[in-house]
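Colleague: Okay, here's the structure, questions in a sec.
The values are calculated or read from the model by the stated rules, or taken from the named source; none is laboratory data. Treat the numbers as computed from the prediction; the structure is a model and nothing was measured. All Cβ positions, glycine included, derive from the backbone under ideal geometry; neighbour counts span all protein chains shown.
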């Protein structure tokens with residue numbers, strides 16, 4: 001009980017933190033603090049693998065599709081992204097522009113749909129609002145290291161997978177951790193609200209004494225550097241991104257909830273989903289995917305073999 | 001029915017000098033034997049009346065010195081302590097809020113952050129640190145104020161450290177910098193600014209209290225003075241009726257000194273009240289209105305910048321912008337909120353020499369609102385970069401940021417004028433009151449001496 005209360009307080013505090021510079025949270029702390037209990041309910045249910053997460057609609061380009069026509073009329077693709085995922089979707093603090101592997105993919109889809117990779121409007125979407133933003137039609141697609149889960153498939157559609165996903169543990173090197181259970185026993189762990197890691201910790205704390213939930217995984221790195229938490233559970237790729245920003249931390253132990261990442265699309269927009277699947281195929285075929293991987297990820301993640309989806 | 005000691009053998013003497021016996025009667029009962037002998041004769045009665053009169057006059061002097069002295073110290077507090085402290089507290093709040101907003105501007109401008117933005121942030125922190133040190137050094141601050149000062153003193157270096165960590169990460173091109181800036185900003189918005197606001201409230205309350213003490217009328221001194229004057233007059237009248245001597249130089253002198261002290265008390269008190277009222281209406285009150293407007297302008301500016309940092313992830317900041325600018329400019333007809341905005345209020349309360357700056361600031365506010373709307377329209381149309389340029393574009397003078405800076409500068413000028421008006425009016429009030437307190441005491445002693453001398457002369461008639 002005590003722990004829960006403390007964790008809640010921290011959630012509130014960090015949600016407020018995110019509020020101010022909008023790491024992409026629904027800034028006003030209250031919403032953040034409430035951490036989207038309602039929509040999270042379904043999403044946070046243990047991911048029962050009762051569905052095929054790699055299944056999506058067949059690729060295709062239907063210029064008469066309702067959603068495609070709407071986007072073309074508007075002249076810009078509205079993409080929900082993150083500003084805090086290093087090498088994936090982040091705001092380059094020196095140029096102010098949004099860059100990364102997910103961003104390259106967004107540009108490729110914009111080029112496919114509108115003929116111009118720059119006809120794109122980025123909207124920062126907090127981790128906890130990825131699904132809602134698509135459902136509410138605030139954005140056309142969300143490209144934001146989102147793991148395809150059966151629970152999420154109840155609410156939105158996903159493209160074919162474009163990258164391997166899984167949850168990994170990040171700890172300071174000085175902790176000398178070797179596995180998830182061993183690394184978390186008796187420790188304070190941090191995760192992003194409504195993320196797969198949040199979901200995992202809900203069903204199994206792995207011996208952690210305290211769970212701190214924040215709006216964005218990068219807030220966990222701040223807390224870890226300030227000594228306010230001991231470990232972070234996050235997407236494998238974001239764990240690697242954290243390690244790339246701080247040489248004193250490392251990614252350790254086994255991968256939990258292994259799966260795939262996909263582009264999130266509204267269930268009603270099957271024409272857009274088919275188009276995105278086609279764009280993904282083209283992106284793979286013309287070497288765009290590999291070029292982007294080599295530019296952003298090869299340095300911190302090595303060979304792309306284990307990450308690429310091969311149907 | 002009268003006291004048994006007096007009645008009987010001394011009944012005729014008692015009836016002969018009723019005037020002298022009247023003020024003494026109460027004392028008589030408590031020291032019957034001694035006073036009985038003292039009042040045995042007209043000289044005894046005279047002596048007692050003189051002692052009572054002199055005591056009354058001295059009591060007036062003492063109460064006046066004490067009451068006016070208290071008001072002098074309160075006026076001194078207003079001028080040199082609670083006045084400046086409440087102004088400093090508002091400045092501390094402003095500096096902290098501005099530092100946070102400026103840090104966000106620097107983040108938005110990324111690699112294009114001009115030296116001026118960096119400098120502004122540094123100046124804000126320096127000002128806050130300097131004023132906090134000053135406030136902490138003033139022993140007169142209340143315990144409550146000292147508590148908030150101590151907390152802020154402890155939090156300021158933490159905040160600065162977080163912002164520097166953010167900058168170091170930004171310089172390496174890491175998004176971690178943005179996360180640190182959020183964390184720092186949360187510390188500022190959720191902990192430090194509320195503390196600074198509590199400090200402002202504590203110092204404002206202290207100022208109001210000091211004004212209250214300095215401006216309250218010294219009723220006890222007035223009452224005692226009038227009572228002493230009446231007794232002195234009545235006594236002289238009786239004496240005149242009994243002895244047919246018109247003047248007793250001592251008693252007349254005593255009356256004159258007492259009258260002078262009373263007139264001074266009245267005049268000096270009125271003058272001090274005038275000066276204090278002036279310091280309030282041309283200084284403290286318009287400054288408070290100005291501080292409200294400046295705080296709201298800062299909040300609006302922060303909301304504007306943070307909305308761009310937020311990049312569409314919520315409508316929190318657009319909502320806050322509408323609210324705060326509504327408070328600044330006044331609610332439109334039919335909308336909720338006071339119709340008179342805080343800028344209009346600051347303009348209405350401003351003394352004539354500061355009103356011009358506030359009027360100019362209101363014009364800048366209109367410009368700022370227009371430019372903000374243009375930028376917001378661009379953002380709504382999906383052109384984030386154009387919105388960014390229209391809001392904070394480095395080195396441009398047609399941005400929303402430039403209009404805000406001009407507004408803030410005008411309000412700052414008005415504040416300088418109002419601060420000077422406050423100082424001119426409040427300074428010296430305490431000195432005048434201190435002289436009055438001392439002077440009243442001296443006049444009361446002279447008056448008492450006059451009473452003693454005047455009655456001594458009459459006593460000599462009996463020898």
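Colleague: Given the condition out of contact with any helix residue (DSSP H, G or I) (no Cβ under 8 Å at 6 or more places or on another chain), within 22 Å of residue B:296 (Cα to Cα) and in a helix (DSSP H, G or I), answer yes or no: does some residue in the stretch B:145-167 qualify?
Modeller: No: zero hits.
Colleague: To continue, here is another question. If I ask for residues that are over 30 Å from residue A:225 (Cα atoms) and in contact with a helix residue (DSSP H, G or I) (Cβ under 8 Å, 6 or more places away or on another chain), which ones from the stretch A:147-172 would you list?
Modeller: Once the filter is applied, which keeps residues that are over 30 Å from residue A:225 (Cα atoms) and in contact with a helix residue (DSSP H, G or I) (Cβ under 8 Å, 6 or more places away or on another chain), the stretch A:147-172 yields A:149, A:151, A:152, A:154, A:155, A:156, A:157, A:158, A:159, A:160, A:162.
Colleague: On to the next question. Please indicate, with yes or no, whether at least one residue in the stretch A:21-36 is within 14 Å of another protein chain (Cβ to nearest Cβ), touching a helix residue (DSSP H, G or I) at 6+ places or on another chain (Cβ under 8 Å), buried (at least 24 other Cβ atoms within 10 Å of the Cβ) and modelled with pLDDT of 90 or more.
Modeller: No, there is no match, as no residue in the stretch A:21-36 is within 14 Å of another protein chain (Cβ to nearest Cβ), touching a helix residue (DSSP H, G or I) at 6+ places or on another chain (Cβ under 8 Å), buried (at least 24 other Cβ atoms within 10 Å of the Cβ) and modelled with pLDDT of 90 or more.
Colleague: Does residue B:206 satisfy the condition of being assigned to a helix (DSSP H, G or I) and more than 12 Å from chain A (Cβ to nearest Cβ)? Spell out the reasoning first.
Modeller: Numbers: assigned to a helix (DSSP H, G or I): yes; more than 12 Å from chain A (Cβ to nearest Cβ): yes.
Yes: the conditions hold for residue B:206.
Colleague: In the stretch B:411-424, how many residues are within 16 Å of residue B:75 (Cβ to Cβ) and either surrounded by fewer than 22 Cβ atoms within 10 Å (Cβ to Cβ) or free of Cβ contacts under 8 Å to residues at least 60 places away in the same chain (or both)?
Modeller: Within the stretch B:411-424, residues that are within 16 Å of residue B:75 (Cβ to Cβ) and either surrounded by fewer than 22 Cβ atoms within 10 Å (Cβ to Cβ) or free of Cβ contacts under 8 Å to residues at least 60 places away in the same chain (or both) number 2.
Colleague: Continuing with the same structure: Being in the same structural domain as residue A:186 (by TED's automatic domain parsing) and buried (at least 22 other Cβ atoms within 10 Å of the Cβ) is the requirement here; does residue A:214 meet it?
Modeller: When the stated conditions are applied, residue A:214 passes them.
Colleague: Need a quick list: helices (runs of 4 or more DSSP H) entirely within the stretch A:121-204 having at least 2 residues that are closer than 18 Å to residue A:233 by Cα and away from chain B (no Cβ under 14 Å).
Modeller: Hits in the stretch A:121-204: A:180-184, A:196-203.
Colleague: When you check residue B:265 against the structure, is it at pLDDT 90 or above, within 24 Å of residue B:57 (Cβ to Cβ) and surrounded by 13 or more Cβ atoms within 10 Å (Cβ to Cβ), yes or no?
Modeller: Against the criterion (at pLDDT 90 or above, within 24 Å of residue B:57 (Cβ to Cβ) and surrounded by 13 or more Cβ atoms within 10 Å (Cβ to Cβ)), residue B:265 qualifies.
Colleague: Using the structure shown, decide if residue B:302 is within 14 Å of another protein chain (Cβ to nearest Cβ) and either more than 30 Å from residue B:387 (Cβ to Cβ) or buried (at least 24 other Cβ atoms within 10 Å of the Cβ) (or both).
Modeller: Yes.
Colleague: Do we find a residue being more than 18 Å from the chain's Cα centre (by Cα) and under 30 Å from residue B:432 (Cβ atoms) anywhere in the stretch B:95-102?
Modeller: Within the stretch B:95-102, not a single residue is more than 18 Å from the chain's Cα centre (by Cα) and under 30 Å from residue B:432 (Cβ atoms).
Colleague: Taking the options B:373, B:378, name whichever one is closer than 24 Å to residue A:96 by Cα and in contact with a helix residue (DSSP H, G or I) (Cβ under 6 Å, 6 or more places away or on another chain).
Modeller: Working: B:373 fails: in contact with a helix residue (DSSP H, G or I) (Cβ under 6 Å, 6 or more places away or on another chain).
Just a single option satisfies the conditions, and that option is B:378.
Colleague: Of all residues in the stretch A:223-255, count the ones that are in contact (Cβ under 8 Å) with a residue 40 or more places away in the chain, farther than 21 Å from residue A:186 by Cβ and at the interface with another protein chain (Cβ under 9 Å from one of its Cβ atoms).
Modeller: So the count comes out to 4.
Colleague: Which one of the conditions (1) closer than 23 Å to residue B:135 by Cβ; (2) within 12 Å of chain A (Cβ to nearest Cβ) does residue B:201 fail to meet, given that it meets all the rest?
Modeller: (2)
Colleague: Answer yes or no: is there a residue in the stretch A:182-190 that is touching a helix residue (DSSP H, G or I) at 6+ places or on another chain (Cβ under 7 Å) and within 30 Å of residue A:56 (Cα to Cα).
Modeller: Among the residues of the stretch A:182-190, not one is touching a helix residue (DSSP H, G or I) at 6+ places or on another chain (Cβ under 7 Å) and within 30 Å of residue A:56 (Cα to Cα), which makes the answer no.
Colleague: OK, next. Restricting the search to the stretch B:320-337, which residues are modelled with pLDDT under 90 and either buried (at least 24 other Cβ atoms within 10 Å of the Cβ) or within 14 Å of chain A (Cβ to nearest Cβ) (or both)?
Modeller: Scanning the stretch B:320-337 gives a single hit, B:320.
Colleague: Continuing with the same structure: Residue A:65 - would you say it is modelled with pLDDT of 50 or more and crowded, with 16+ Cβ neighbours inside 10 Å?
Modeller: Considered against the rule, which asks whether it is modelled with pLDDT of 50 or more and crowded, with 16+ Cβ neighbours inside 10 Å, residue A:65 comes out as yes.
Colleague: I'm trying to understand the selection: among the residues of the stretch B:156-187, which are in contact (Cβ under 8 Å) with a residue 24 or more places away in the chain and more than 14 Å from every other protein chain (Cβ to nearest Cβ)?
Modeller: Selection gives B:156, B:160.
Colleague: Next up: Looking at the structure I just gave you, is residue B:110 assigned to a helix (DSSP H, G or I), over 30 Å from residue B:262 (Cα atoms) and either touching a strand residue (DSSP E or B) at 6+ places or on another chain (Cβ under 9 Å) or within 14 Å of another protein chain (Cβ to nearest Cβ) (or both)?
Modeller: yes
Colleague: Output the residues belonging to the stretch A:92-120 that are out of contact with any strand residue (DSSP E or B) (no Cβ under 8 Å at 6 or more places or on another chain), more than 8 Å from every other protein chain (Cβ to nearest Cβ) and within 30 Å of residue B:114 (Cβ to Cβ).
Modeller: Within the stretch A:92-120, just A:118 meets the criteria.
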